[in-house]
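These notes are about the structure you will find just below.
The values are calculated or read from the model by the stated rules, or taken from the named source; none is laboratory data. Nothing here was measured: the structure is a model prediction, and the numbers come from that model. Cβ placement follows ideal geometry from the backbone for every residue including glycine, while neighbour counts extend to all protein chains displayed.
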């Protein structure tokens, strides 16, 4: 082990970016980044994958994952408790070593509400915000709206509290939202493109950060909605649940998303490069990791993200820029799990020269992350379909191929490669070992 150094740590997550649509990131080579091959997300959706990235644990180990009755919208308390118990992984670990910590996210799942709090500064960005100060106002307005029935009640409360400036800010954002939607319907503007990175760039530019720091950034430009027809996401949600429970693929929704996704992915990679350039003054003193938490299915085994353990969801880009004093670690294993992010951080801090990667990595699913009742009435779903959907599944990637194992039924559901080798053991024993 070499002398311990204290590089800044920047983890930039391009939410929902598939590896095969991440070609725009090749420009990172000119900035000294190294690409690592066959990076695998530990979960097919945001929250479990991010928790794995900061804790170094698979979803079944850290416990922040979906289950029957446990969905994305109801996981706040569970996620906060688990993250607190794990001291927020490398976030808490580095803060104890004197690091400042910043969590700057366009995805509300990566926020203090879900356990990513207690940091030096946090920001939840939204596509309605052009400047980061507006995002602060937006958060306060959402809190006020949650206490009141509708806009009028919220406005009256703000007036009573003397929050006229906040009320005016809210009116500006509401007007902007309505105009964007109208322009979208008229074909004058695409309101699905901007999803918060403008405000994140505003936050990063023209300010200095106390070093050493850890910075977790999530941008959402590759995430849906992808078309004006699906601004509220209901078309994709129904198509997703139809695929989960009835194995039916909605061709219209799938085709719409398949046609639009490449444009959003390209836009997201351009914004990611802008963010890296905004932080250029810190790069030589930093470990910078650029990746994605999961991809998006475009008819290749399903639609949307979550639940399915398919390559289009699990194969993600992974680029690393090592600090100027560190020699880039070579990839020795065939795969790199995103649950190995804490190991990458420790390698940069300790000057470890051991290889990166593993010959066996896993991904897990426990069911759809959306409540079925958002689409189906009680009794509309066959009991057997519910039982099948809410099963613990593990996807195993090895040099000999890949396989999906249903832990609950003790059955290999899909095998690609050397069948005898892949089905010899049980993935549950691999889970016990960790990434």
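Go through 89, 63, 98 for me and flag whichever is in contact (Cβ under 8 Å) with a residue 40 or more places away in the chain and within 30 Å of residue 360 (Cα to Cα). Unique residue meeting the criteria: 89.
Contact map, region 233-255: first residue within 18 Å of residue 300 (Cβ to Cβ), second residue loosely packed, with under 15 Cβ neighbours inside 10 Å, Cβ cut-off under 6 Å, separation 6 or more or different chains; pairs are 242/248. Sub-9 Å Cβ pairs linking a first residue in region 16-45 that is free of Cβ contacts under 8 Å to residues at least 40 places away in the same chain to a second residue that is in a strand (DSSP E or B) and surrounded by 14 or more Cβ atoms within 10 Å (Cβ to Cβ), at least 6 apart or interchain, are 26/35; 29/35; 29/319, ordered by first then second residue. Taking residues in region 404-424 that are in contact (Cβ under 8 Å) with a residue 60 or more places away in the chain, and partners anywhere that are exposed (fewer than 14 other Cβ atoms within 10 Å of the Cβ) and assigned to a helix (DSSP H, G or I), not one pair has Cβ atoms closer than 6 Å while being at least 6 places apart or on different chains.
Criterion first (closer than 28 Å to residue 5 by Cα, at pLDDT 95 or above, buried (at least 24 other Cβ atoms within 10 Å of the Cβ) and under 19 Å from the mean Cα position of the chain (by Cα)) does residue 342 satisfy it? Considered against the rule, which asks whether it is closer than 28 Å to residue 5 by Cα, at pLDDT 95 or above, buried (at least 24 other Cβ atoms within 10 Å of the Cβ) and under 19 Å from the mean Cα position of the chain (by Cα), residue 342 comes out as no. Only one of the numbered conditions (1) at pLDDT below 95; (2) in contact with a helix residue (DSSP H, G or I) (Cβ under 6 Å, 6 or more places away or on another chain); (3) farther than 30 Å from residue 33 by Cα is violated by residue 367, and that is (1). On the basis of being closer than 21 Å to residue 36 by Cα and without any contact (Cβ under 8 Å) to a residue 60 or more places away in the chain, does residue 324 make the cut? Judged against the criteria, residue 324 is a match. Determine if region 23-32 includes at least one residue that is part of a helix (DSSP H, G or I), at pLDDT 95 or above and more than 23 Å from residue 281 (Cα to Cα). Within region 23-32, one or more residues are part of a helix (DSSP H, G or I), at pLDDT 95 or above and more than 23 Å from residue 281 (Cα to Cα).
Residues satisfying the criterion are absent from region 268-279 (criterion: part of a helix (DSSP H, G or I) and at pLDDT below 95). Among the residues of this structure, residue 284 does not count as one that is over 20 Å from the mean Cα position of the chain (by Cα), modelled with pLDDT of 95 or more and over 26 Å from residue 7 (Cβ atoms).
Does residue 134 qualify as being assigned to a helix (DSSP H, G or I), over 20 Å from residue 201 (Cβ atoms), out of contact with any strand residue (DSSP E or B) (no Cβ under 6 Å at 6 or more places or on another chain) and at pLDDT below 95? In short, no.
Of 389, 334, all but one fail to be in contact (Cβ under 8 Å) with a residue 60 or more places away in the chain, surrounded by fewer than 21 Cβ atoms within 10 Å (Cβ to Cβ), more than 13 Å from residue 42 (Cα to Cα) and in contact with a helix residue (DSSP H, G or I) (Cβ under 7 Å, 6 or more places away or on another chain); the exception is 389. Condition first: assigned to a loop (DSSP other than H, G, I, E, B), under 18 Å from the mean Cα position of the chain (by Cα) and surrounded by 24 or more Cβ atoms within 10 Å (Cβ to Cβ). Can you find one or more residues in region 48-55 that meet it? The answer is no; no qualifying residue exists. Would you check if there is a residue in region 393-404 being surrounded by 13 or more Cβ atoms within 10 Å (Cβ to Cβ), touching a helix residue (DSSP H, G or I) at 6+ places or on another chain (Cβ under 7 Å), at positive phi and at pLDDT 90 or above? Scanning region 393-404, I find at least one residue that is surrounded by 13 or more Cβ atoms within 10 Å (Cβ to Cβ), touching a helix residue (DSSP H, G or I) at 6+ places or on another chain (Cβ under 7 Å), at positive phi and at pLDDT 90 or above, so the answer is yes. For residue 417, the stated conditions do not hold, so it cannot be described as at pLDDT 90 or above, in contact with a strand residue (DSSP E or B) (Cβ under 8 Å, 6 or more places away or on another chain) and at positive phi.
Residue check, residue 78 against (1) farther than 25 Å from residue 319 by Cβ; (2) touching a helix residue (DSSP H, G or I) at 6+ places or on another chain (Cβ under 8 Å); (3) surrounded by fewer than 23 Cβ atoms within 10 Å (Cβ to Cβ), all met but one. Which one? Condition not satisfied by residue 78: (2). Against the test of being at negative phi and at pLDDT 90 or above, the options 219, 142, 159 yield a single qualifying residue, 219. Candidates are the residues of region 82-131 that are part of a helix (DSSP H, G or I) and modelled with pLDDT under 95; the one that is nearest to residue 66 (Cα to Cα) is 114.
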